[in-house]
Amino acid sequence: ITVNVTDRDGARTEGVQWEDHESLMEALTRNKFPILATCGGNASCSTCHCYLGASAQTAGAKSPIGDEEEDVLDMLDDTRHEDSRLTCQVEWSEDLDGAEVTIAPEW
Ligand code: FES
């Protein structure tokens, strides 16, 4: 599937490939977006934080926010929005084809 990614400077890239064996964080880092993923995908660093816009519900249905992710998102205060996710916790889903992903500001 592909997603459209808006970077921190507002630049939007369409058609970013997301392979079915990857988390969304892995797809973003493979495509060279500025996602540090310092914890390696363990829902503890928050550097993979993104907004999923209208697709947030679908993502949540497939990969609901777990306790660890909730704790980390809670610490983000101002930058946490309703559609915030740690992208390392968002699993590939056909339903997310064409989703709009916005990279959250740096903490
Ligand atoms: Fe660290 Fe997602 S990579 S929280």
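The values are calculated or read from the model by the stated rules, or taken from the named source; none is laboratory data. What you are looking at is a predicted structure, and each value in this text was computed from that prediction instead of being measured. Methodologically, a virtual Cβ is constructed for each residue, glycine included, from the backbone with ideal geometry; neighbour enumeration extends over all protein chains shown. The accessibility values were calculated without ligands, DNA or RNA, using every heavy atom of the protein model including side chains. Shrake-Rupley method; radii C 1.70, N 1.55, O 1.52, S 1.80 Å.
In the chain, what percent of the accessible surface is made up of carbon and sulfur (1.4 Å probe, ligands and nucleic acids excluded)?
Carbon plus sulfur share of accessible area: 44 percent.
Using a simple spin-label model with pseudo-atoms 7 Å out from Cα toward Cβ, LYS32 and THR79 lie 2.3 nm apart.
Here the chain is described by how far its Cα atoms reach on the three principal axes: 32, 29, 25 Å, from widest to narrowest. Once the 1.4 Å probe is applied to the protein heavy atoms, the range 34-107 comes out at 54 Å² accessible per residue. Counting 0.36 nm for each residue step from SER44 to GLU106 and taking away their Cα separation leaves a gain of 20.8 nm.
Take LYS62, LYS32 and sort them by solvent-accessible surface of the protein heavy atoms, 1.4 Å probe, largest at the top.
Working: LYS62 105, LYS32 170 Å².
Highest to lowest solvent-accessible surface, that is LYS32, LYS62.
Electrostatic tally near GLN89: other residues with Cβ closer than 9 Å to its Cβ, Lys and Arg +1, Asp and Glu -1, net -2. Computed from the Cβ-Cβ distance with R0 of 22 Å, the FRET efficiency linking GLU68 to ASP95 stands at 0.40.
Given the whole protein assembly as supplied and a 1.4 Å probe, what does the accessible area of GLU106 come to in Å², nearest 10? Using a 1.4 Å probe on the heavy atoms, I get roughly 120 Å².
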